[in-house]
Amino acid sequence: KTTLHAPLFCLFVCFLKLIATICNKFKFPSWESQHLNSTSSDSLVFVQMINKPRINRDEPTTWNNDWPPLEGAGIVGALPVFTRQALLNRQNPNVYKAFSHIMGREDLMVSHDRLGLFRPLRNKDNRLVKSRRQKWKTAYSLHWDLNPWRHTLEDDFVMVQGTREAQQSVKQLKYIDPGDFFLENNEIGLQSEKQVNTQGMLNLADNLEEDGGFHLVVGFHKHLASWSRTTRNVIAPYFMDKNFVPIHGKDPMYGQPQRVPMRAGSLLIWDQRVAHGSRPNNSTRARYVQFVKMFPAMDLSTERAMYRGQLIKDKVEQAGVQLTELGKKLFALKPWT
């Protein structure tokens with residue numbers, strides 16, 4: 001049974017090494033290339049869907065035009081993505097097996113999250129393009145997709161009350177706005193509930209050191225409570241009702257991140273309490289990722305299950321996706337028992 005005595009990141013790297021050894025020995029790809037290409041293509045198709053046809057997916061010189069929100073973070077738009085391949089990846093049995101192994105349980109639900117497209121700052125001749133540096137460069141960042149104070153400070157009445165109110169808000173979600181999926185992803189409750197909370201990222205193209213990309217402060221989940229207590233009266237007041245918390249650039253934590261270059265088809269899973277983020281893409285290659293998270297299946301109220309299920313069914317139908325039996329369970333359209 002998986003425990004949290006060691007960082008989930010380190011545990012999963014070992015698991016990936018085992019998978020890689022098996023794949024190399026039998027020449028069996030860890031992720032079929034057509035799935036990677038389809039998802040990478042989805043990123044630019046999605047850009048075109050929400051931003052007029054001034055962007056040519058095959059011509060990077062047009063990527064300055066009408067780019068979606070959150071470009072400074074390398075995120076493609078502010079809403080979850082329900083393209084065909086993104087949905088298929090969420091029900092992929094190998095992705096499910098990896099999360100199930102890490103979390104030590106089978107009854108899981110999958111998140112509906114975004115795609116990442118980090119545009120390259122250099123052209124094909126490896127020359128730094130000034131206009132790209134000004135418009136395309138993403139932030140060197142660290143953050144949490146949770147509220148660290150509300151999660152850890154259980155002797156603080158204000159924080160506990162805030163967590164209870166947030167949990168109640170999640171229970172009453174009606175999913176009129178697809179962004180409601182982010183709220184259910186990031187409200188993870190109290191630390192004493194001892195729930196294993198993970199996040200994940202599917203890498204869609206080889207991501208080398210110079211390409212920018214994911215980094216994290218390995219093992220920081222062990223220090224989250226003490227950090228939260230130290231900053232309770234200084235930083236917390238600005239984030240009382242937030243479940244996304246950026247870390248100030250002068251925090252000593254910025255001297256600690258471990259960069260994680262990844263092969264195409266790699267799936268990285270980390271403990272949600274670990275500070276993480278990305279570095280700018282200072283290369284000639286675009287970086288493509290799909291964010292994915294799985295969490296224990298919840299007992300949804302009849303009303304919430306109806307609203308959530310109807311939105312997902314509509315998106316699945318629009319994308320022309322046939323859900324598998326596993327997919328129906330992961331999408332919470334069918335019970336595990």
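Per-residue answers, yes or no, for (1) open to solvent by 20 Å² or more (accessible area, probe 1.4 Å); (2) among the polar types (S, T, N, Q); (3) in contact (Cβ under 8 Å) with a residue 12 or more places away in the chain:
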site: Met253; (1), (2), (3): no, no, yes
site: Gln258; (1), (2), (3): yes, yes, yes
site: Met306; (1), (2), (3): yes, no, no
site: Leu311; (1), (2), (3): yes, no, yes
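Kindly indicate whether any position in segment 217-227 is exposed (fewer than 14 other Cβ atoms within 10 Å of the Cβ) and within 26 Å of Tyr254 (Cβ to Cβ). If you could, list the steps in order and put the result at the bottom.
Pass one, segment 217-227, residues exposed (fewer than 14 other Cβ atoms within 10 Å of the Cβ): 226.
From the residues that got through so far, the ones that are within 26 Å of Tyr254 (Cβ to Cβ) too are 226.
Within segment 217-227 (the criterion being exposed (fewer than 14 other Cβ atoms within 10 Å of the Cβ) and within 26 Å of Tyr254 (Cβ to Cβ)), the answer is yes, since at least one residue qualifies.
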**Complete:** Pairs returned, first residue in segment 113-133 that is within 30 Å of Phe331 (Cα to Cα), second residue that is among the polar types (S, T, N, Q) and at pLDDT below 85, beta-carbon separation under 8 angstrom, 6 or more apart or interchain, are Leu115/Thr39; Leu115/Ser43; Gly116/Ser43; Leu117/Ser43
**Prompt:** Tell me, which helices (runs of 4 or more DSSP H) lie completely within segment 29-143 with 3 or more residues that are aliphatic (A, V, I, L, M) and at pLDDT 85 or above?
**Reply:** 84-90, 93-103
**Message:** For the condition within 30 Å of Ile176 (Cα to Cα) and either aromatic (Phe, Trp, Tyr) or surrounded by 19 or more Cβ atoms within 10 Å (Cβ to Cβ) (or both), what is the one hit in Gln272, Gln318?
**Reply:** Gln272
**Request:** Exactly one condition in (1) free of Cβ contacts under 8 Å to residues at least 40 places away in the same chain; (2) surrounded by 18 or more Cβ atoms within 10 Å (Cβ to Cβ); (3) on the phi > 0 side of the Ramachandran plot is not met by Pro68; state its number.
**Result:** (3)
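Is it the case that Ser226 is small (Gly, Ala, Ser) and in contact (Cβ under 8 Å) with a residue 12 or more places away in the chain? It would help to see each step written out before you state the result.
Details: small (Gly, Ala, Ser): yes; in contact (Cβ under 8 Å) with a residue 12 or more places away in the chain: no.
Taking the combined requirement at face value, the residue does not satisfy it.
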**Request:** Within segment 182-199, work out how many residues are farther than 17 Å from Val160 by Cα and open to solvent by 30 Å² or more (accessible area, probe 1.4 Å).
**Result:** 2
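Let's see how each residue does on (1) in a helix (DSSP H, G or I); (2) of a type in the set (Asp, Glu); (3) modelled with pLDDT under 95:
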{"position": "Gln195", "(1), (2), (3)": "no, no, yes"}
{"position": "Leu202", "(1), (2), (3)": "no, no, yes"}
{"position": "Ala205", "(1), (2), (3)": "no, no, yes"}
{"position": "His215", "(1), (2), (3)": "no, no, no"}
{"position": "Pro237", "(1), (2), (3)": "yes, no, yes"}
{"position": "Met240", "(1), (2), (3)": "no, no, yes"}
{"position": "Asn243", "(1), (2), (3)": "no, no, yes"}
{"position": "Gly249", "(1), (2), (3)": "no, no, yes"}
**Request:** Evaluate segment 125-135: report whether one residue or more is under 16 Å from Leu268 (Cβ atoms) and not polar (S, T, N, Q).
**Result:** no
**Prompt:** Do the conditions hold for Asp113, that is, is it of a type in the set (D, E, K, R), crowded, with 19+ Cβ neighbours inside 10 Å and either within 28 Å of Val245 (Cα to Cα) or out of contact with any helix residue (DSSP H, G or I) (no Cβ under 7 Å at 6 or more places or on another chain) (or both)?
**Reply:** yes
**Message:** Considering only residues that are within 12 Å of the chain's Cα centre (by Cα) and aliphatic (A, V, I, L, M), which ones fall in segment 254-297?
**Reply:** Leu267, Leu268, Ile269, Val289, Val292, Met294
**Complete:** Sole miss for Phe244 among (1) touching an Asp or Glu at 6+ places or on another chain (Cβ under 8 Å); (2) open to solvent by less than 40 Å² (accessible area, probe 1.4 Å) is condition (2)
**Matching residues, segment 321-337, being open to solvent by 40 Å² or more (accessible area, probe 1.4 Å) and part of a loop (DSSP other than H, G, I, E, B)** = Gln322, Thr324, Leu333, Lys334, Pro335, Trp336, Thr337
**Message:** Filter segment 144-181 down to the residues that are closer than 20 Å to Arg229 by Cβ, in contact (Cβ under 8 Å) with a residue 24 or more places away in the chain and part of a loop (DSSP other than H, G, I, E, B) and list them by number.
**Reply:** Leu146, Asn147, Leu153, Glu154, Asp156
**Message:** Of the conditions (1) open to solvent by less than 30 Å² (accessible area, probe 1.4 Å); (2) touching a helix residue (DSSP H, G or I) at 6+ places or on another chain (Cβ under 9 Å); (3) more than 18 Å from Trp270 (Cα to Cα), Lys174 satisfies every one except a single condition; which number is it?
**Reply:** (1)
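The values are calculated or read from the model by the stated rules, or taken from the named source; none is laboratory data. What you see is a predicted model; the values in this text were computed from it and never measured. Glycine also receives a Cβ, built like all others from the backbone with ideal geometry; neighbour counts cover every protein chain displayed. Remember, those area values only see protein heavy atoms, side chains included, never the ligands or the DNA or RNA. Shrake-Rupley method; radii C 1.70, N 1.55, O 1.52, S 1.80 Å.
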